[in-house]
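Take a look at the structure set out below.
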Amino acid sequence: MKKISLFLCIAALFVACNSNKTPQLGKSSVDKVIAAMTLEEKVQLLIGTGMADFSGDSAVIGETKSLVPGAAGTTCPIPRLGIPAIVLADGPAGLRIQPAREGDSQTYYCTAFPVGTLLASTWNTELVENVGKAMGNEVLEYGADVLLGPALNIHRNPLCGRNFEYYSEDPLLSGKMAAAMVKGVQSNGVGTSIKHFAANNQETNRMANDARMSARALREIYLKGFEIAVKESQPQTVMTSYNYINGTYASESRELLTNILRDEWGYKGTVMTDWFGGKNPPAQVHAGNDLLMPGTVKQYESIIAAVNDDSLSVADVDRNVKRILQLILDSPRFKGYKYSNHPDLKAHAEVTRESAAEGMVLLKNTDNVLPFKENIKNIAAFGITSYEFISGGTGSGDVNEAYTVSLKEGLTNAGYSFNTELADLYEKHIAAENEKNKPDPNNPFAMFMPKIRATEILPNDAQLKKIAVNSDIALLTLGRNSGEFADRKISDDFDLSADEQKLIQDICKIFHAASKKVIVVLNIGGVIETASWKELPDGILLAWQAGQEGGNTVADVLKGAVNPSGKLPMTFPVNYMDAASSANFPYDYVPGPPVMFPAGEVKKDLVKNVDYTNYEEDIYVGYRYFDTFNKNVSYPFGYGLSYTTFEYTNPTIKKNKGIYTVTVDVKNTGSVAGKEVVQLYVSAPGKSMNKPAKELKAFAKTKFLQPDETQTIQLKLTPDALASFDEANSRWTVEAGDYTGQIGSSSGEIKQNVKFDVPKEIIVEKTHNVMNPKEVINKLK
């Protein structure tokens, strides 16, 4: 029985057409093709053609795995009906395929673009769409059909291992960035898969964790970004998450996948599982999860059995098959596109370099130490990641790129020299550490796990004094990395290690005594603690993980070739435990070896924050919590400095046909050209339900303003933007009362206010009363 699905998929490759009357996809209607399919063929199409066997369960291995080596999976072809396989490939920061192929001298490298967190820091949807166009071109030219991204889960907690893939703690910013990326990628005629739908906010026990939350938190925080992306960009596919939501697997929830996604939001595309997601294939099919990836024998057998015993209707199967066939019809492979295997990687590297520069965030710039003055020639570069720059995170969000430009290389390219004695010391140390920390070749998860960080070098005072004498400035880079399967930790990760703290203190002490400046560069994918040390250096640049051109991009910003205009898409708390979600996150959990597949048995003793997580903070995520409860932060949401300054004047608000239009004049009052991000927050009455102190409702980025140039920015507030979710009546409602529009450069720095009145309550939309069992609400209370 275990070989039956394999047999059927292979057999389908060789079955000749019965006659000229056999319907063919693209020539006959989809309904006629479905009518001609056997039940076995239908079910085969509902599951992928398999992947390597990690679990002991025979996977369905088809001929199609050789179409694009290294791609994540394929659908099953049915040649007699003219149905080809299509190729699905990771991931959010660029196409992930094998860079080398047996017996082939050509290389198949892809571009490592900036991570999602950096792209969100641009607050520039046009820029993100252009990145998507370049990324989608590589998908097309390397022969893939669907890119498994973007990822837009909320930064609920600073320690989530995949925050680097995700955009923001705010659903509006997340949704707008995702929509822009989808539009860009899909402009090439290939598909995307927005993920992970929904509430995939921790990696610990991600395949069995139950995310327990109120309907309001689910709707306003964890679904809103997906809703924006679906309505504004219509991604070809949506990928369900591994976790439960209020007791039901996301991939098995008809309420989530049919009532909300399709009926309420009008989604028309295909829904697929994450790889090996869910437990009950018939329930997934019934829920509206069309494609089960990567495909296993057990899935095939259980769906066939459910149809035969009438516990699953053929109508459910046919509906899902129809959606998959439409996805195939829209694919480049079905349309016969002759891919080149030669995308313009040089041009895409430039896209990476330019886009990354706009997302880097200047956190500190005492006495305008940046950009470097003309007298800065020789740099003392400290920190492992000055020489081994981190281009992106690990796991399915990683990319097999041809190179990564280190910070030392980038600054050398920009014309700077380095303290050679110090550079030689680091490079030898890194080589020795890498040799010692080689990945285990017998561990199938090694390729997905972050590289073990090399220990830092701690020069003594005498060495530092000698280095300071022979250098013009000190540059210290701090690096962090994370990925799938595991969340980050507080010690030596969110918090700096003791060695890193000492390194900052010692460098600042010695260089400042010599009247020389110190710059810290943060080569990280997520939030770290900064409050305890940020007063020591003269400048801090948050470079994020900028893709393969990272070193060149940082050099562009430090030299002043680019004026930084990035703004934080999340809050930097003073301490980790200040985040509202921290008490309900597995920050102290010590996991065993990674487990990729659900165990299958029901556990009797559930572990809090591992087997289930109570979202007790409700809607108060990120700045919504910090601003409402007056909690001090290290850097607020939306924060970021520039090499110039901006003035906000003449705020206005007008109402026309139920839509409020806010305008404000933004003037560059400094001496160099630059861009500013204008953020519109709204403070609502909060009479019938609790409301945060302020919520981001619109934003815009100015053009490149010259000194003394002014631009009038226009921002719109629709009833949908102003609405909150009323759990008691299961509807989106705009309360009557007095509102304040707060126009600022961050959530912590409001420049102008506008007042407006909503004369009577507005019911924007009535919804299905779902995903909110009473027992969950009682627990949260």
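The values are calculated or read from the model by the stated rules, or taken from the named source; none is laboratory data. Because the structure is a prediction, the values reported are computed rather than measured. Positions of Cβ are generated from backbone atoms using ideal geometry, with glycine treated the same way; all protein chains shown enter the neighbour counts. We work out accessible area using only protein heavy atoms, side chains counted, and drop any ligands, DNA or RNA first. Shrake-Rupley method; radii C 1.70, N 1.55, O 1.52, S 1.80 Å.
Counting the residues of segment 266-315 that are surrounded by fewer than 21 Cβ atoms within 10 Å (Cβ to Cβ), of a type in the set (S, T, N, Q) and part of a loop (DSSP other than H, G, I, E, B) gives 3.
Filtering segment 648-669 for residues that are under 22 Å from Ala543 (Cα atoms), open to solvent by 60 Å² or more (accessible area, probe 1.4 Å) and without any contact (Cβ under 8 Å) to a residue 40 or more places away in the chain leaves an empty set.
Looking at segment 612-664 only, could you name the residues that are assigned to a strand (DSSP E or B) and touching a helix residue (DSSP H, G or I) at 6+ places or on another chain (Cβ under 7 Å)? Residues satisfying the conditions are Thr613, Asn614, Val633. Could you tell me whether segment 735-755 includes any residue that is open to solvent by 20 Å² or more (accessible area, probe 1.4 Å), closer than 25 Å to Ala580 by Cβ, among the small types (Gly, Ala, Ser) and under 27 Å from the mean Cα position of the chain (by Cα)? Yes, segment 735-755 contains at least one residue that is open to solvent by 20 Å² or more (accessible area, probe 1.4 Å), closer than 25 Å to Ala580 by Cβ, among the small types (Gly, Ala, Ser) and under 27 Å from the mean Cα position of the chain (by Cα).
Condition check for Glu374 on (1) surrounded by fewer than 24 Cβ atoms within 10 Å (Cβ to Cβ); (2) touching a residue at least 40 places away in the same chain (Cβ under 8 Å): one failure, at (2). Looking at Asp495, Asp440, Asp472, which one is touching a residue at least 60 places away in the same chain (Cβ under 8 Å) and under 29 Å from Pro92 (Cβ atoms)? Exactly one of Asp495, Asp440, Asp472 is touching a residue at least 60 places away in the same chain (Cβ under 8 Å) and under 29 Å from Pro92 (Cβ atoms), namely Asp495.
Can you name the residue in segment 154-187 that is touching an Asp or Glu at 6+ places or on another chain (Cβ under 7 Å) and among the basic types (Lys, Arg) and is also farthest from Gly393 (Cα to Cα) among such residues? The qualifying residue farthest from Gly393 (Cα to Cα) is Lys183.
Quick grid of which residues meet (1) modelled with pLDDT of 95 or more; (2) within 28 Å of Cys160 (Cα to Cα); (3) of a type in the set (Asp, Glu):
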{"residue": "Tyr403", "(1), (2), (3)": "yes, yes, no"}
{"residue": "Thr412", "(1), (2), (3)": "yes, no, no"}
{"residue": "Lys428", "(1), (2), (3)": "no, no, no"}
{"residue": "Pro441", "(1), (2), (3)": "no, yes, no"}
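In segment 67-86, the condition of being within 15 Å of Met177 (Cα to Cα) and in contact (Cβ under 8 Å) with a residue 24 or more places away in the chain is met by no residue. Entry remark, segment 289-321: residues being among the hydrophobic types (A, V, I, L, M, F, W, C) and over 20 Å from Asp274 (Cα atoms) number 7 in total.
Take the conditions (1) on the phi > 0 side of the Ramachandran plot; (2) surrounded by 16 or more Cβ atoms within 10 Å (Cβ to Cβ); (3) without any contact (Cβ under 8 Å) to a residue 12 or more places away in the chain; (4) not hydroxyl-bearing (Ser, Thr, Tyr); His512 misses just one of them, which is (1).
Residues that are in contact with a strand residue (DSSP E or B) (Cβ under 9 Å, 6 or more places away or on another chain), within 17 Å of Glu456 (Cα to Cα) and either aromatic (Phe, Trp, Tyr) or surrounded by fewer than 16 Cβ atoms within 10 Å (Cβ to Cβ) (or both) within segment 392-434 comprise just one, Tyr426.
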